[in-house]
Amino acid sequence: MTILEALPKLLDNFDREISQNLKMILKKKGVEAHLNARVQEFSEGEEGVICRFSEKDKEQTISGQYVLVAAGRRPMTEKLFGEGISIQMNGRFLQVDEYQRTSMPGVYAIGDLTGGMQLAHAASAQGIRAVEHITSGGSEAALSQDLTVIPGGVYTDPEIASVGMTEAEAKEAGREAICGKFIMSANGKTLITRDERGFIKVVADAATDEILGAQMMCSRATDMIGEFTTAIVNHMTVADMLRSVRPHPTYNEGIGEALEAVHGTSIHTVPQRRR
């Protein structure tokens with residue numbers, strides 16, 4: 001199997017370390033990944049489909065039995081509205097407010113049509129937000145869910161999940177970030193199940209200890225990321241999250257270790273050398 005990626009790294013919107021680890025794991029499993037690749041054309045050949053592409057200004061060809069094109073998505077707004085009806089747009093997407101209202105009275109929009117995080121659980125939450133507003137008679141009531149913090153998951157092996165800011169994004173936003181990372185090869189459940197090497201990384205505000213984000217690459221990452229989503233929405237600190245005892249042996253223990261590593265107290269992590 002061969003992956004042709006136009007961007008400079010796999011999963012470009014995730015933490016850089018996740019991208020690097022994923023490429024190494026794929027290579028170990030026989031999957032070759034070409035980055036900064038631009039597909040030129042497809043043609044038929046004796047061995048199936050021939051793909052001509054360029055990588056770093058060097059032209060190459062590969063062949064295969066099948067081709068899967070996964071080049072993003074776009075909103076289907078053509079013929080969505082009747083003739084003479086106009087609605088405010090945000091580029092290619094429908095413009096909506098915090099209640100999912102469009103510029104047309106009584107018309108709401110959710111999901112990929114509105115841009116942002118194009119994920120099923122985001123669309124579902126937007127739908128709930130719209131129905132709550134409709135059934136409340138249009139009152140400017142308190143919002144039941146925070147739609148600004150949406151977790152994302154990738155169902156590879158091991159799984160990948162992320163929510164909130166990465167360390168790089170925190171620095172770009174002017175936040176002094178402090179990180180804690182736990183390598184899951186020291187996790188009991190990971191050893192029992194003989195899973196791939198992975199990690200859990202926590203990003204916190206150095207001044208307030210507030211959780212800013214988390215990135216995971218390990219088994220059950222997509223199941224566990226919700227704990228950090230709750231923490232970010234409720235402005236919890238590292239100390240707040242460490243108040244609970246996590247069962248053993250579980251992958252979830254890795255969260256506690258990563259949180260402890262923020263301040264260098266993880267008992268299953270090799271201590272960093274003091275400068």
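Here is how the numbers come out for the structure above:
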{"quantity": "Count of residues meeting criterion [over 17 Å from Glu169 (Cα atoms) and not hydroxyl-bearing (Ser, Thr, Tyr)] in the range 1-24", "calculated": "13"}
{"quantity": "Some residue of the range 14-24 being surrounded by 14 or more Cβ atoms within 10 Å (Cβ to Cβ), over 30 Å from Ala214 (Cα atoms) and among the aromatic types (Phe, Trp, Tyr)", "calculated": "no"}
{"quantity": "Residue in the range 124-132 that is in contact (Cβ under 8 Å) with a residue 40 or more places away in the chain and in contact with a strand residue (DSSP E or B) (Cβ under 6 Å, 6 or more places away or on another chain) present", "calculated": "no"}
{"quantity": "Residue match in the range 6-19 (condition: in contact with a Lys or Arg (Cβ under 6 Å, 6 or more places away or on another chain) and under 20 Å from Met217 (Cβ atoms))", "calculated": "yes"}
{"quantity": "Candidate set: the range 52-109, residues that are of a type in the set (Phe, Trp, Tyr) and within 30 Å of Gly137 (Cα to Cα); chosen: the one surrounded by the fewest Cβ atoms within 10 Å (Cβ to Cβ)", "calculated": "Phe81"}
{"quantity": "Conditions (1) touching a residue at least 60 places away in the same chain (Cβ under 8 Å); (2) among the β-branched types (Val, Ile, Thr); (3) crowded, with 19+ Cβ neighbours inside 10 Å: number failed by Thr156", "calculated": "(3)"}
{"quantity": "Residue that is farthest from the chain's Cα centre (by Cα) [pool: residues in the range 32-88 that are among the acidic types (Asp, Glu) and assigned to a strand (DSSP E or B)]", "calculated": "Glu44"}
{"quantity": "Those residues of the range 96-115 which are assigned to a loop (DSSP other than H, G, I, E, B) and touching a residue at least 12 places away in the same chain (Cβ under 8 Å), in sequence order", "calculated": "Val96, Glu98, Tyr99, Gln100, Thr102, Ser103, Met104, Val107, Ala109, Ile110, Gly115"}
{"quantity": "Selection count where residues are without any contact (Cβ under 8 Å) to a residue 60 or more places away in the chain and surrounded by 15 or more Cβ atoms within 10 Å (Cβ to Cβ), scope the range 231-245", "calculated": "7"}
{"quantity": "Close pairs from the range 178-200: first in contact (Cβ under 8 Å) with a residue 40 or more places away in the chain and of a type in the set (S, T, N, Q), partner surrounded by 19 or more Cβ atoms within 10 Å (Cβ to Cβ) and assigned to a helix (DSSP H, G or I), Cβ under 9 Å, at least 6 apart", "calculated": "Asn187/Glu253; Asn187/Gly254; Asn187/Glu257; Thr190/Met184; Thr190/Gly254"}
{"quantity": "Unique residue being within 30 Å of Cys179 (Cβ to Cβ) and either not assigned by TED's automatic domain parsing to the domain that holds Asp12 or not small (Gly, Ala, Ser) (or both) when the list is Gln118, Gln100, Gln126, Gln95", "calculated": "Gln118"}
{"quantity": "Enumerated strands (runs of 3 or more DSSP E) restricted to the range 154-246, each holding at least 2 residues that are over 23 Å from Leu26 (Cβ atoms), under 15 Å from the mean Cα position of the chain (by Cα) and of a type in the set (D, E, K, R)", "calculated": "none"}
{"quantity": "Some residue of the range 193-210 being over 28 Å from Val262 (Cβ atoms), outside the structural domain of Phe228 (by TED's automatic domain parsing) and not polar (S, T, N, Q)", "calculated": "no"}
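For (1) at pLDDT below 90; (2) of a type in the set (Lys, Arg); (3) in the same structural domain as His133 (by TED's automatic domain parsing), each residue gets a yes or a no:
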| residue | (1), (2), (3) |
| --- | --- |
| Ala37 | no, no, no |
| Glu44 | yes, no, no |
| Ser54 | no, no, no |
| Glu59 | no, no, no |
| Ile87 | no, no, yes |
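The values are calculated or read from the model by the stated rules, or taken from the named source; none is laboratory data. Small disclaimer: the values here were computed from a predicted structure and weren't measured. Glycine gets a Cβ as well: all are built from the backbone with ideal geometry, and neighbour counts include every protein chain shown.
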